[in-house]
Each structure stands twice: as C-alpha cells, then as structure tokens.
1. For segment 328-353, name all the residues that are aliphatic (A, V, I, L, M), under 20 Å from SER158 (Cβ atoms) and without any contact (Cβ under 8 Å) to a residue 40 or more places away in the chain.
2. Are any residues in segment 50-93 under 21 Å from the mean Cα position of the chain (by Cα) and either of a type in the set (A, V, I, L, M) or farther than 29 Å from PRO222 by Cα (or both), and if so, which ones?
3. Only residues that are closer than 30 Å to LYS167 by Cβ and either out of contact with any Asp or Glu (no Cβ under 9 Å at 6 or more places or on another chain) or not β-branched (Val, Ile, Thr) (or both): list them for segment 108-137, please.
4. Kindly evaluate LEU215 against the criterion of being over 24 Å from GLY24 (Cβ atoms) and in contact with a Ser or Thr (Cβ under 9 Å, 6 or more places away or on another chain).
5. Going by what's in this entry, would THR21 be described as farther than 22 Å from LEU351 by Cα and under 16 Å from the mean Cα position of the chain (by Cα)?
6. Can you report the number of residues in segment 201-258 which are β-branched (Val, Ile, Thr) and farther than 26 Å from MET102 by Cα?
7. Looking at segment 255-372, what helices (runs of 4 or more DSSP H) fall wholly within it and have at least 2 residues that are buried (at least 24 other Cβ atoms within 10 Å of the Cβ) and either modelled with pLDDT of 95 or more or outside the structural domain of ALA36 (by TED's automatic domain parsing) (or both)?
8. Name the single residue, out of those in segment 99-134 being over 17 Å from the mean Cα position of the chain (by Cα), assigned to a helix (DSSP H, G or I) and acidic (Asp, Glu), that is farthest from ALA311 (Cα to Cα).
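The values are calculated or read from the model by the stated rules, or taken from the named source; none is laboratory data. If you're wondering where the values come from, they're calculated on a predicted model, not measured in any experiment. No Cβ is skipped: glycine too gets one built from the backbone with ideal geometry, and neighbour counts run over all protein chains shown.
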Amino acid sequence: MKLTGVELRRISMPLVAPFRTSFGVETTRDILLLRAVLAGPDGESEGWGECVAMSDPLYSSEYVDASADVLRRFLLPRLFAAPHVDGAAVGHLLEPVKGHWMSKAVIETAVLDAELRATGRSFARELGATRDRVPCGVSVGIHDSIPELLASVEGYVSAGYVRIKLKIEPGWDLAPVRAVRERFGDDLLVQVDANTAYTLQDAQHLARLDEFGLLLIEQPLPEEDVLGHASLAKLIRTPVCLDESITSARTAAAAITLGACSIINIKPGRVGGYLEARRIHDLCRAHGIAVWCGGMLETGLGRAANVALAALPGFTLPGDTSASDRYFTADITEPFVLRDGHLDVPAGPGLGVTPLPAALAAVTTSTEWVTA
C-alpha cells in the first residue's frame, strides 16, 4: 500500500475532574489525532491513531506541538517517499530519526489500522490477543485531602475497578496509602506511582511502604537512573516497576539484566508503537517479568488499541485501561463501559472503533491535511 495523505487533527477534551500527579495538574487534554489514507490494489483505506504526548514536556521530553512539527517535517516525508508502507515497515523507515517515540507510534498505529481494516483483521488478533475482555484498574491522582481521596477511591471500588493505583509524591505517600488500606482492607489490590518524584536517598522512607502489601511501586526514581532502581530494589520489599525508564525492548532487556525491576508498565506511545510494545511483552514473558498496560488519558481510539494489547497472555496484572467515563463526560467513539471490572476487547476490523463525526467535530480545534 502507498501512503497518500494524512490528516493532523487537534482536539480539546475536558476531563471530568482535574488529574494531579507529581509533575503537574491536567484539566483538559490537548490531543493530536492522525488519520492516514493509504491506496492499494483494492482501493483506499484509512486508519486512525492517537498521539499520547501531553501539552508540556513534563512526563517526557515530547509534547503535542513538537509531535505535530516532527511528523510534518521529518516523519511523514519519509513515509510518503516510500513505494510501499505497511505497519511493519513504519518503524524501519523512521529509524534514522532519533527519538520522538510518541510521534512514531501515532503514525504506525494509523497505518496498522488502515492496513487491518482493508483486510478485515482486528488489531487484537494481529497483536496476538488471547482474551476477549481484560480486567481494569484505575489511576487516582493526588488529592487536596485524604477524605477527598477516600471518597474517590470509594467511587471507583463501587464501580467495579479491580485495582487502585495511587499517585504519590514527597509529602503525599505514607498517609494516603495507610488511609486507603485502613478503609478498604488488605484484599484490595493497590499500587503506587511516583512518576520519578524521589531519589535513592529516599530509600529508607520508601521502605516504609512495605508494610502495606502493595502490588508495586512504579517509577520512584528519575528515568535515567536505572542503576538507582537496581539498588532500590535490594533495599525495599515492594516490587519495583519501571515506566518512564522503558523506551524500547533494548532498554527493557538492560533493566531486567541489571535487576532494576520485576514488573514493567508497557505504554505503547512511550516505546514507539504497539509492535515494539509486543516485543517488550514477549521479552518480559520469556524472563518471567510481569507486565501491565499503562494509560495516558486516551480517548476511545487510544483505549481500543490499549485494550487489544492488554489482552495478550503476558499481561497478568490489571492495567490503566479504565472506562471512558473515568476521564471524559463524552468520548469521541462509542464509550468503553466497565462491566464486572472488565472492558471488552474490540473485535471489528482494525481498531474496531472509529470517531463519531458529531462528537469529533464538537471537540476539534484545528485540522491540517498533509501530502507528499
């Protein structure tokens, strides 16, 4: 197939409530969507991708404006110049451009979606999914008070989420975790996520989390400090999970070899796409490392792809694949609805979902058509 055109569409999606982490507060998602049009022997096919870069370079070095720029100036011209483009070829064609994993991921996803729609294959089947529904956890941001936190957690537990992830930072860690444990008991699956907010000098403090029987502590130290994570893993009993530090199967292999983690959060956007995410899954499964699928406050487009990935056999822990209403009053696709703590894996061609025209138009802030 030949890539003939790409639509870059910016949308603005208000969150149902502010989402606070150790690196900032989000109230609205500024999202870049990409629609790829490919021409083949049987006609045209189009596919969608969602870029998970945030408005500011706080979670990672990537941000939305930069993603749109690198796609327009560097990534798309390489794909337009190629005589043949399919999902498997995108990564190789874009390899000379350093970094920009989220930008590479969005175009790979859109090309895969178009390719699979043209042949009637589902994204989940293509990746190797073995389940038709996946268990879902929820990520709970930092709150202004413990009573507010407990009220939020109570709502998510009542809704049926099977695992609670608490965002933490210095000054908001032991007390909220203790309060959640005392209120909801030891049977509730709980994990914490620091988003790089601590240093190895905090090891003694972080070891105090051991008493709460957590599933894991996610990315406590800076993303470059893989050796620090290896040292921390020897000083605390709570399993260490890496997120920001993992940008490829190669970095995952290095982290595993160093003993820096026993669990990995796989975020497709952070590693350059779903095909690389599958490689990390395969690597971890071969080494007995548990994996789960992280989230980046995606719309139904990104959620569909994440749910498909989370249905692979190595994803043994509930991911952040929450229902649409966790973040948005109205989604741009048919909403993902939590049932018995699970989300259904889309089974239709490609991602199995497409944007609803009226819903998409209502949140669109700009569109741009790019050709060779």
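1. So the first thing to find is which residues in segment 328-353 are aliphatic (A, V, I, L, M), and the list is 330, 332, 337-338, 343, 345, 347, 351, 353.
If we keep only those that are under 20 Å from SER158 (Cβ atoms) as well, we get 337-338, 343.
Correct list: VAL337 only.
2. Initially, segment 50-93 is screened for residues under 21 Å from the mean Cα position of the chain (by Cα), giving 50-68, 70-71, 87-88, 90-91.
The answer is VAL52, ALA53, MET54, LEU58, VAL64, ALA66, ALA68, VAL70, LEU71, GLY87, ALA88, VAL90.
3. Taking segment 108-137 first, the residues closer than 30 Å to LYS167 by Cβ are 108-109, 123-124, 127, 129, 131, 133-137.
GLU108, PHE123, ALA124, LEU127, ALA129, ARG131, ARG133, PRO135, CYS136, GLY137 - these are the residues of segment 108-137 that are closer than 30 Å to LYS167 by Cβ and either out of contact with any Asp or Glu (no Cβ under 9 Å at 6 or more places or on another chain) or not β-branched (Val, Ile, Thr) (or both).
4. Details: over 24 Å from GLY24 (Cβ atoms): yes; in contact with a Ser or Thr (Cβ under 9 Å, 6 or more places away or on another chain): yes.
Against the criterion (over 24 Å from GLY24 (Cβ atoms) and in contact with a Ser or Thr (Cβ under 9 Å, 6 or more places away or on another chain)), LEU215 qualifies.
5. On the way: farther than 22 Å from LEU351 by Cα: yes; under 16 Å from the mean Cα position of the chain (by Cα): yes.
In short, yes.
6. The qualifying residues number 2.
7. Values: elements: 274-286, 300-310, 357-363.
Passing ranges, in order: 274-286, 300-310.
8. GLU115
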